[in-house]
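The values are calculated or read from the model by the stated rules, or taken from the named source; none is laboratory data. The structure presented is a predicted model; accordingly, all values stated were derived computationally and were not measured. Here the Cβ positions follow ideal geometry from the backbone for every residue, glycine too, while neighbour counts run over all protein chains shown. All accessible areas refer to the heavy atoms of the entire protein, side chains included, with ligands and DNA or RNA removed. Shrake-Rupley method; radii C 1.70, N 1.55, O 1.52, S 1.80 Å.
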Amino acid sequence: MKAMEFNSGKIPVWCPGCGNFAIWNAIKGALADLEISGKDVVNISGIGCSGKMLNHLRTYGFHTLHGRTLPVATGVKLSNHKLTVVVNGGDGDGYGMGVGHFIHAIRRNLDVTYLVHDNHIYGLTTGQASPTTDKGLKSKSTPHGVIDEPLNPLAVALNAGATFVARGYSGEVEHLKELIKAGINYKGFAYIDILQPCVTFGKTYSYEYYDERIYKLDESYDFTNFDNAMKKIWEKEKIALGIIYKKERDEYASLHPQLKDDILLNSTGKLRDISDELARFK
Amino acid sequence: MSVITWKIGGPAGFGIMSAGPMFAMALKRSGYSVHGYPEYPSIIRGGYNNYHVTFSDKPVFSVYNRCDILVALDKVVFDSETITKNMIVIADFDNIKGTEDLECKKVNIPFKKILKDNELPDIVKNSIALGVSAKILGIDEEILFKLFEENYPAKVLDMNISAAKIGMEFCLDEMKFKAPKGNSNFKDNLLMTGNEAIALGAVKAGLGFYSTYPMTPASSILHYLAKLEEKYGIIVKHTEDEISGIIMAIGASYAGVRAMTGTSGGGLSLMTEGVGLAAITETPLVIALSQRPGPATGMPTWTEQADLKFVLNISQDEFVKIVLTPGDLNELFYMTFEAFNLADRYQVPVFVLTDKFLSESHFCEAIFNDNGLKIDRGFIFEGNSEAPMEFFPRYKEVENGIPMKSNPGTPGGLYKAPGNEHDDFGFVATDSKTRIKNQERRFKKEEFIKKELPLPKLYGPKDAEITFVCWGSTKQPLMEALKHNDKFNFLHFSAINPIDWKQVKNMFKDKNLVAIETNFTGQLASVIAEKTGIVIKDKYLKYDGRPFFVEEIIEYVKRGN
Ligand SMILES: Cc1ncc(C[n+]2csc(CCOP(=O)(O)OP(=O)(O)O)c2C)c(N)n1
Ligand code: SF4
């Protein structure tokens, strides 16, 4: 399928200039480049402007509750591990509501690609502070300025044992597309935090703001070095884009002997013989 | 008819919960019908544990207050139990102060001395007690030792057998208890807990995915299924919390796999949003709910039936849900099996309600067979390879309000499953026409489900002075009480929603109704009032964390209400 063929035919309702358009294009491009058919893809979306991604892709899709993307993804992937599962959620969705699931999905190393549309704000509910909003920033829910320290989600991921940690940016679509491709190809939990300007409510984190600060990691960067990665993640003035940390690790489904020969879907819903189990109760 | 009760008690950590069920099984294999009821606090060491076995040469269903033979492994038993004249009490009386004046029949077993003289560790005290009990009741020692073999690891087996043998030697002829002889009537019966029946019903139905977070008294479903997962090719997950537990199961079911979750009330509170998600996405889901007393954490290891209205009204807005309230092992097994068919056929959440009493007690009336068991996976789209990338009208009515499912990966079956209101293809829709169409279509299913769910069933003499109205596990003590009294009968609801209330109303005609429930307000009675307009004034309610004891029911009937 060509990238264009992944359009669902529904016109996005994101604000003009919203960073979500670029993420949409990057996903379509990545699937097209990898020659994956939309019928073998499940897009699982959370709630928020980010979650609306679901409507715009010609793939299967599940639009779950706020913060609950990763448990759905786990159920889907273990039931049919041949499917490609792409998860889209926001920073409120994934780092607020869903932060527990995030850490546990990392522990499991489930083979999905997790894209967090990180606009440092709640878009859909019209501009409250999110877990990644900087200290001091005024928002609808923090008119006197945020007094909580912001969460560094990449550091959380690294410390939780994530083995594919990357950062992309809506202003760099081609680069983002390559990251998503690498994520889909990665056998395990591929986590990509995407800097996504919200042009309506997140004015501080604008394209200009990012354009001044971002730089791309080049070939000289060793993404297998954990300490390097930690340093990159805590940089203050500059923001690194690319795969920040990557390591091989057993993927979750492969650790289930039940899934060795076939997908779970093919054995379910059939009458089973339980007579030898019953015999123990006699 | 003689019913005998045997009870073993001691502090938690003394092996009561292994000795009790083992002895129940020894009795079953000796030809008795058996019921076993455990009581224990929510702590690992200390506190009072006991396991109460009721047995007879005729079917037994439930627990009595009365105890004929009491095995007291420690002093704590005397603080908690009422000792009466007719009781045989087995204890180390030499070492327990304050028991000198007790009028019971004492069987003095010097546990402390036996352990010391034979250099045995404290943990085999329960095996000594089982040896004594077997001897007193005339149980073949081979039956007991075979059970030890099945239950103990090889390295401690001999130690336990010799402990039991020593116990047997201490038992003199005059200590024997006249029990009716066991017969072969119960040879094929299964002795198991309600949770085991639920788990096996699910396995039989081709369960593929079970995910939840441990919560008593539902945890043993998780434990048992986890043990079976590799044998039957099931995935069983102990998730990070109940929210994840239910949502993962929904993900699995969306992908086409038969999925279930199970919990108690506190866990269901967290799962509530997931129930709504299953409902609006029309994802089939079975939820086993084992009730216990109390909002919040309540009384974790005790019993109550107080979550009925919670389940009937669960989640915001209105949607169709099926609520099954089985009352015995057979109903638990076959209804759990059928719950998967109903979930698949109607694409709605299906609840199987149980409670601590039914979930964790041992019952022995079931056999379980394959006769007539059929799998129905409902409408599933086969695919269209001509147009593999077409969107599919997943939410369009096919029949009786039910749409057709399409599993991800199916060519031409593309759709979106959203928690939002949506159009036929699953795209978010908020126009009034679509909303009305969807609500009406989804609720249409109710009429058809109604025809499939069982109506309440009458047990006991056709005409009686009192007709108890009950649901779920209360069937058990009522069945047992029927053996002693013919002045009452009872109507048992094994399903509550959606059922044909018009017909139920007819069943109530000319009856002196008494609602009998283990909750404070009489929840079934209030559902009946809402659905039929019939107000049941007399209620016999219990809410102390214990099931109804058989004597209490007989007493109530005798008193006249
Ligand atoms: C349980 C629950 N609580 C609150 C909401 C309301 N809500 C919808 S979107 C959202 C925040 C979304 O923020 P974010 O995840 O950052 O996504 P964005 O809209 O910025 O893409 C909230 C709080 C909800 N849908 N569900
Ligand atoms: S509110 Fe922000 S995130 Fe939402 S669509 Fe508009 S620009 Fe995008």
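Spin-label pair A:Asp211-B:Lys531: with each label point 7 Å from Cα along the Cα-Cβ axis, the two points sit 6.6 nm from one another. Evaluating kT/(6 pi eta Rh) at 20 °C and 1.002 mPa s, with the Kirkwood radius of the range B:153-301 over Cα pairs in the Stokes-Einstein relation, gives 118 µm² s⁻¹. The orientation-averaged projected area of the convex hull spanned by the Cα atoms of the range B:6-72 comes to 4.3 nm². If R0 is 25 Å, the Cβ-Cβ spacing of A:Ala160 and A:Asp33 corresponds to a FRET efficiency of close to 0.25. A full extension of the chain between B:Lys487 and B:Lys97 corresponds to an added length of 135.9 nm, given 0.36 nm per residue minus the alpha carbon distance. Think of a 1.4 Å ball rolled over the protein heavy atoms: the protein assembly as shown then has 38 Å² of accessible area per residue. In order along the range B:104-110, the phi-based Karplus estimate (6.51 cos²θ - 1.76 cosθ + 1.60, θ = phi - 60°) of 3J(HN,Hα) comes to 6, 7, 8, 10, 7, 10, x Hz; Gly and Pro are listed as x.
Taking amide hydrogens as placed 1.01 Å from N in the peptide plane, the amide H of B:Ser494 sits under 5 Å from those of B:Lys457, each at least 5 positions away in sequence or on another chain. According to the Cα-based calculation, Rg over Rh for chain B is 1.02, with Rh computed by the Kirkwood formula. Placing unit charges on the Cβ atoms only, positive for Lys and Arg and negative for Asp and Glu, gives the range A:116-266 a dipole magnitude near 320 debye about its Cα centre. When the residues B:Tyr232, A:Tyr209 are ordered by accessible surface, computed with a 1.4 Å probe over the protein chains alone, the sequence from largest down reads A:Tyr209, B:Tyr232.
For a protection proxy built on the mean count of beta-carbon atoms within 10 angstrom, sort B:486-495, B:419-428 highest first, please.
On the way: B:486-495: 21.2, B:419-428: 19.7.
Peptide ranking by packing, descending: B:486-495, B:419-428.
Per the Debye formula with a single identical scatterer at each Cα and no solvent contribution, what log10 I(q)/I(0) holds for the range A:102-177 at q = 0.12, 0.13, 0.21, 0.23 Å⁻¹? Cα-only, vacuum Debye calculation for the range A:102-177: -0.44, -0.51, -1.02, -1.08. For B:Arg442, the solvent-accessible surface with a 1.4 Å probe is about 20 Å², rounded to the nearest 10.
Based on the Stokes-Einstein relation at 25 °C and a viscosity of 0.890 mPa s, and on the Kirkwood radius from alpha carbon pairs, the range B:226-383 is assigned a translational diffusion coefficient of 150 µm²/s. Scoring B:268-280, A:108-120, B:143-155 by mean Cβ neighbours within 10 Å over their residues and listing the highest first yields A:108-120, B:268-280, B:143-155.
For chain A, the normalised intensity computed at q = 0.11 Å⁻¹ comes to -0.61 (log10 of I(q)/I(0), Debye sum over alpha carbons, equal scatterers, no solvent).
Spacing of the modelled spin labels on B:Ser42 and A:Asp262, each 7 Å from Cα toward Cβ, amounts to 4.2 nm. R0 = 45 Å: FRET efficiency of B:Glu382 with B:Ala226, Cβ-based, nearest 0.05? It comes to 0.85. Annotation: extensible slack from B:Lys462 through B:Asp370 equals 30.0 nm (criterion: 0.36 nm per residue apart, minus Cα-Cα distance). For the peptide A:37-44, the mean number of other protein chain Cβ atoms found within 10 angstrom of a residue's Cβ is 5.
When only Cα pairs under 8 Å and 6 or more residues apart are kept, what is the percent relative contact order across chain B?
It rounds to 12 percent for chain B.
A Förster distance of 51 Å, applied to the separation of the beta-carbon atoms of B:Thr430 and A:Glu237, puts the FRET efficiency at 0.70.
Rounded to two decimals, what is the ratio between the C-alpha radius of gyration of the protein assembly as shown and 2.2 N^0.38 Å? Rounded to two decimals, the normalised Rg is 1.08.
Just how many % of Cα pairs in the range A:35-179 lie over 21 Å apart, if you round to the nearest whole percent? Looking at the range A:35-179, the distances longer than 21 Å represent 44 percent of pairs.
For A:Ser8, the amide hydrogen comes within under 5 Å of the amide hydrogens of A:Leu57, A:Arg58, counting only partners 5 or more places away or on other chains and with H modelled in the peptide plane.
Which of the three applies to the range B:208-287, rounded, prolate or oblate, going by the alpha-carbon gyration tensor with a ≥ b ≥ c and a/c under 1.5 meaning rounded? Cα axes put the range B:208-287 in the oblate bin.
The modelled label-to-label distance between B:Tyr543 and B:Asp500, using points 7 Å beyond Cα along the C-beta direction, is 3.5 nm. Normalised by 2.2 N^0.38 Å, where N is the number of residues, the alpha-carbon radius of gyration of the range B:414-552 equals 1.41. Quick check: Cα centre of the range A:28-82 to Cα centre of the range B:211-231, how many Å? Between the Cα centres of the range A:28-82 and the range B:211-231 lies a distance of 29 Å.
Each Lys and Arg contributes +1 and each Asp and Glu -1, all at the Cβ; summed about the Cα centre of the range B:162-283, the dipole is approximately 540 debye.
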